[in-house]
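Bear in mind these aren't lab numbers, they're just calculated from the coordinates by the rules spelled out. All values derive from a computational prediction rather than experimental measurement. Virtual Cβ from ideal backbone geometry, glycine too; neighbours counted across all protein chains shown.
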Amino acid sequence: MTLDPVATDPDHYTVIFENDRVRVLEYADKPGEATHWHSHPDTLMYTLSSFRRRILAGGRHVDVELPAGQARWVGAQEHSGENTGDTDTHSIFVELKEAAPAGFGPSGAPLGPEA
């Protein structure tokens, strides 16, 4: 079974660019909508809209609220999410295809504020 978000949730994730080093995804949903279980490699996320979400991972959940125009580092992970707010979610994900450099651990060094 694939955990590629484009396969698990094709109605929410769209590939807008891809080469041998990165894949860029556009994500959109509406209040109350949720994703299936999926994974991302190390990723830079850029929020195009303000939104509230509940992220489920590792047997726990985290509620996040992000304003539009935020860039966030998201370490490699498996999760699902739900739009718990009253606005649409709209984000861009730049997924890295290269492994983290030696000495940075499994998720690499953060490039910006972490949630």
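One chain, two ends: Arg54 and Glu33. Fully extended at 0.36 nm per residue, the span grows by 6.5 nm beyond their Cα-Cα distance. At 222 nm, what value in deg cm²/dmol follows for the chain if DSSP H runs of at least 4 each add -39500 (n - 2.57) and the sum is divided by all its residues, to the nearest 500? Taking each H run of at least 4 residues, the total per residue is -500 deg cm²/dmol.
For volume of the Cα convex hull per residue in Å³, several values are listed as (i) 154; (ii) 129; (iii) 108; flag the one computed from this structure. Step by step, volume of the Cα convex hull per residue in Å³ for this structure corresponds to label (iii).
Taking a ≥ b ≥ c as the square roots of the eigenvalues of the Cα gyration tensor, segment 30-83 is oblate, since a/c reaches 1.5 or more and a/b is not larger than b/c. Here the dipole of the chain is about 260 debye; that uses its Cα centre as origin and unit charges on the Cβ of Lys and Arg (positive) and Asp and Glu (negative).
Candidates Thr47, Asn83, Gln70 compared by Cα position along the dipole of the chain: farthest toward the positive end lies Gln70, with charges placed on Cβ.
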